[in-house]
There are 2 protein chains.
Amino acid sequence: MGDAARLRDDSGYPERTYAIGELADEFGLTLRSIRHYEDEGLLSPGREGTVRVYDRRDRARLALICRGKRLGFSLTEIKEFLSLYDTDGAQVGQMRYLRRMARERIAALRRQLADVQQTLTELTDIDDQITRHLRRQGADDATNEEGSRS
Amino acid sequence: MGDAARLRDDSGYPERTYAIGELADEFGLTLRSIRHYEDEGLLSPGREGTVRVYDRRDRARLALICRGKRLGFSLTEIKEFLSLYDTDGAQVGQMRYLRRMARERIAALRRQLADVQQTLTELTDIDDQITRHLRRQGADDATNEEGSRS
DNA sequence: TTTCTCACTTACCTTTACGTAAACGGAAGG
DNA sequence: CCTTCCGTTTACGTAAAGGTAAGTGAGAAA
């Protein structure tokens, strides 16, 4: 149990850590996936012997990875993306580069935002049409009568 | 040249058609991809002999396919998605189902919208931080001084 | 007629993002 | 001591979405 590595934190109290299984449960991933993200260089958790030990920042990165996946990015894109989040140790030269990357991402995300919004209005239109159609037929719904507000 | 299939339209004038190469150029796809979408049942263009002939509706479907891809959906998801757009010949039973599908998609898209928006604000924050950092260093930008408005 | 250009099919290849199995290690508990 | 649980590595498998090559055909142009 007792060893010195328990208090490796400036703030004086031991930081909470996570096992791979915990994170897998929390984010709905498999161990394989999380390890794969590490293989691809998106994560680099500490080790206690051979066992992976994740800290608060690893967990945050994992959350970003998941969001990136939900948005349809590839692991490679997500990797670049992640580098934008830890600019803390960057040199001035790097920062210009990172800012360019950030702005490109922003532009892409705005396009995606527009796509999502347009698709949303189209689908709510379709929903409305179907609903009106069913209503005209008197064949009205048994399912919940939830509308489609933006 | 002259054959009867040129006037297959109710409206009296010949509808404009597209060759596969045209569509590929227009949407920035390869022939292979377009044919692949057909293999997967997302498109079913007419044929003139062995040659594919796309009409207005095929073209519209292709546009939807591209948008779906930009949003990160798989071809299978896009296929379901497409079926929502031609409810015209559907029976009442189908319509309930389609409406359910539409509502599921809507819910998913709203989540995606939230993800995109959050990522956007985070990245604009990062952009601002970098910009301020560079400004403090006097090492200010040579690149365009475009801001990051929402 | 020969040569382009565009299109077609068939078929194997590649990349991404994991799944899955085999075999092993260490700690905890009955 | 043996089992169980959690983790580890190595390595082959696989589904999705196309790339790429080989060989064919048909119409237009030189």
Legend entry - In order through region B:88-94: 3J(HN,Hα) via Karplus (6.51 cos²θ - 1.76 cosθ + 1.60), integer Hz, x for Gly, Pro: 4, x, 7, 7, 4, x, 4
Legend entry - Cα-only Debye scattering, region A:7-86: base-10 log of I(q)/I(0) at q = 0.17 Å⁻¹: -0.67
Inset, instruction - Measure of size requested: the Rg and Dmax of region A:1-138, with Cα atoms as the atom set and Å as the unit; please supply both. - result: 21.5, 75
Inset, instruction - On the full set of protein chains, 1.4 Å probe, figure out the accessible area of B:M95 and give it in Å² to the nearest 10. - result: 10 Å²
Inset, instruction - Rank these by accessible area, largest first, 1.4 Å probe: A:R67, B:R57. - result: B:R57, A:R67
Inset, instruction - Count the net charge of all other residues whose Cβ sits under 14 Å from the Cβ of B:R70, scoring Lys and Arg as +1 and Asp and Glu as -1. - result: +1
Legend entry - More than 15 angstrom apart: percent of Cα pairs within region A:101-140: 58 percent
Legend entry - Solvent accessible area, Å² - B:E80, 1.4 Å probe, full protein context: 80 Å²
Legend entry - Protein-only accessible surface order, largest first, of B:F81, B:F27 at 1.4 Å: B:F27, B:F81
Legend entry - ³J(HN,Hα) computed for each position of region A:44-51 - Karplus, 6.51 cos²θ - 1.76 cosθ + 1.60, integer Hz, glycine/proline x: 8, x, x, 10, 10, x, 9, 8
Legend entry - B:E15, A:E38, reordered so the largest accessible area comes first (probe 1.4 Å): B:E15, A:E38
Inset, instruction - Using only protein heavy atoms and a 1.4 Å probe, report how much of B:S74 is accessible, in Å² to the nearest 10. - result: 50 Å²
Legend entry - For region A:25-38, Karplus couplings with θ = phi - 60° (6.51, -1.76, 1.60), whole Hz, Gly/Pro x: 4, 4, 9, x, 10, 8, 4, 3, 4, 4, 5, 4, 4, 5
Inset, instruction - Taking a cut-off of 23 Å between Cα atoms, list the lysines near B:K79, but don't count ones fewer than 8 places away on the same chain. - result: A:K69, B:K69
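The values are calculated or read from the model by the stated rules, or taken from the named source; none is laboratory data. Please read all numbers here as calculations on a predicted model, not as lab measurements. Note: ideal-geometry Cβ built from the backbone for every residue, glycine included; neighbour counts use all protein chains shown. Accessible surface areas use protein heavy atoms only, side chains included; no ligands, DNA or RNA. Shrake-Rupley method; radii C 1.70, N 1.55, O 1.52, S 1.80 Å.
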